[in-house]
Amino acid sequence: MSSPRELAAALRGADPVAVLSGAGVSVGSDVPAFRGRDGLWDRFDPTEYATLSAFREDPAKVWAMLRELNRILDAAEPNGAHRALAELQRRGVVGTIVTQNVDGLHQAAADGPVDVVEIHGTRETLSCLSCGSTVGRERVVEEVEAGRVPRCRECDGLLKPDAVFFGEQLPPEAVRRAEVAARGCELLLIVGTSAEVYPVADLPRLAAGAGAELWEVNPSPAVASAQPVAGPAEEVLPAVVDHLDGD
Ligand code: OAD
């Protein structure tokens with residue numbers, strides 16, 4: 001196991017640094033992860049709740065889960081991990097942050113512009129599964145809260161959040177930017193992901209294949225080829241910033 005101090009030294013020696021984050025980075029903001037103890041997929045079988053076909057077949061059932069999830073995400077605030085990564089990006093220590101999360105907390109932690117790639121899409125917009133037109137989340141909030149299934153005003157088709165469901169393509173521009181970041185970095189910092197879901201789980205291999213060092217912050221490290229710093233991101237990453245300041 002490596003220490004926050006060793007990670008700080010590695011960050012100092014690498015340029016550019018890219019970050020790959022997952023649900024674990026938001027656990028310290030009381031957002032449940034998907035897998036593991038108290039994971040969302042323990043309560044909601046993803047084949048019943050998170051596939052495109054499940055959504056088409058029973059949108060009311062899937063919206064019941066999304067409503068609950070939206071309430072959790074609406075109440076969530078950035079934690080020390082988001083703030084530390086935003087600070088490292090502000091200082092130029094960290095470049096692109098590729099996140100699988102749709103909670104917007106990396107962006108919320110930053111004062112200024114951010115370089116965040118939302119590779120699993122966004123919950124800020126919804127698109128019609130029939131005609132493709134897109135609306136902002138604010139248009140459907142009331143209907144969703146009232147327990148109704150939001151529909152397209154153009155064609156009455158089903159509106160689905162632009163967060164990626166299983167069985168859907170990832171947003172191509174986000175994939176392109178993520179691959180550029182992975183191939184071009186000297187160090188990839190992997191934070192709070194089980195690295196089980198493809199194609200994102202291939203990004204560490206892509207980075208390592210192009211010569212990058214891999215580091216990981218996770219209480220249960222998941223990427224065998226990465227140098228592990230075991231611990232919650234909301235404790236480890238602020239400690240890394242302190243070492244960059246102090247050592
Ligand atoms: P997972 O729930 O699969 O994994 C969360 C990871 O975070 C695990 O490795 C935990 O050990 C770790 N973890 C838990 N608490 C942590 C903490 N405080 N600090 C750091 N790490 C912690 O979440 P993801 O890997 O993000 O996709 O899941 C990937 C994708 O699977 C999601 O984007 C979502 C899901 O199905 C879709 O819905 C398409």
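Condition check: over 19 Å from A239 (Cβ atoms), free of Cβ contacts under 8 Å to residues at least 40 places away in the same chain, in a helix (DSSP H, G or I) and in contact with a Leu (Cβ under 8 Å, 6 or more places away or on another chain). Does L126 satisfy that? For L126, the condition - over 19 Å from A239 (Cβ atoms), free of Cβ contacts under 8 Å to residues at least 40 places away in the same chain, in a helix (DSSP H, G or I) and in contact with a Leu (Cβ under 8 Å, 6 or more places away or on another chain) - is not met.
Let's see how each residue does on (1) charged (D, E, K, R); (2) within 21 Å of L203 (Cβ to Cβ):
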{"site": "A14", "(1), (2)": "no, yes"}
{"site": "A60", "(1), (2)": "no, no"}
{"site": "A75", "(1), (2)": "no, no"}
{"site": "R83", "(1), (2)": "yes, no"}
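Is there a residue in the range 41-51 that is assigned to a strand (DSSP E or B) and within 16 Å of the ligand (Cβ to nearest atom)? There is at least one residue in the range 41-51 that is assigned to a strand (DSSP E or B) and within 16 Å of the ligand (Cβ to nearest atom).
Suppose the filter is touching a Gly at 6+ places or on another chain (Cβ under 9 Å) and within 16 Å of the ligand (Cβ to nearest atom); does W63 pass it? So W63 passes the test.
One residue is enough: does the range 148-160 have a residue meeting the conditions over 30 Å from G92 (Cβ atoms), modelled with pLDDT of 95 or more and within 16 Å of the ligand (Cβ to nearest atom)?
Yes, some residue in the range 148-160 is over 30 Å from G92 (Cβ atoms), modelled with pLDDT of 95 or more and within 16 Å of the ligand (Cβ to nearest atom).
From the list L189, L203, which residue is part of a helix (DSSP H, G or I), under 18 Å from the mean Cα position of the chain (by Cα) and within 13 Å of the ligand (Cβ to nearest atom)?
L203
Exactly one of (1) in a helix (DSSP H, G or I); (2) more than 13 Å from the ligand (Cβ to nearest atom); (3) over 21 Å from A239 (Cβ atoms) is unmet by D15. Its number? Here D15 meets the rest and fails (1). Considering each residue of the range 206-244, count those that are away from the ligand (no atom under 16 Å from the Cβ), among the small types (G, A, S) and buried (at least 18 other Cβ atoms within 10 Å of the Cβ), and give that number. Qualifying residue count for the region: 2. If the condition is being of a type in the set (D, E) and touching a residue at least 12 places away in the same chain (Cβ under 8 Å), then the range 42-98 contributes E48, E77, E87.
Considering only the range 54-67, I want to know if a residue exists there that is surrounded by 14 or more Cβ atoms within 10 Å (Cβ to Cβ), in a helix (DSSP H, G or I) and β-branched (V, I, T). So far as the range 54-67 goes, yes, one or more of its residues are surrounded by 14 or more Cβ atoms within 10 Å (Cβ to Cβ), in a helix (DSSP H, G or I) and β-branched (V, I, T).
With respect to P32, determine if the residue is at negative phi and in contact (Cβ under 8 Å) with a residue 60 or more places away in the chain. No; evaluated as a whole, the condition is false for this residue.
The values are calculated or read from the model by the stated rules, or taken from the named source; none is laboratory data. What you see is a predicted model; the values in this text were computed from it and never measured. Here the Cβ is made from the backbone with ideal geometry for all residues, glycine too, and neighbour counts use every protein chain on show.
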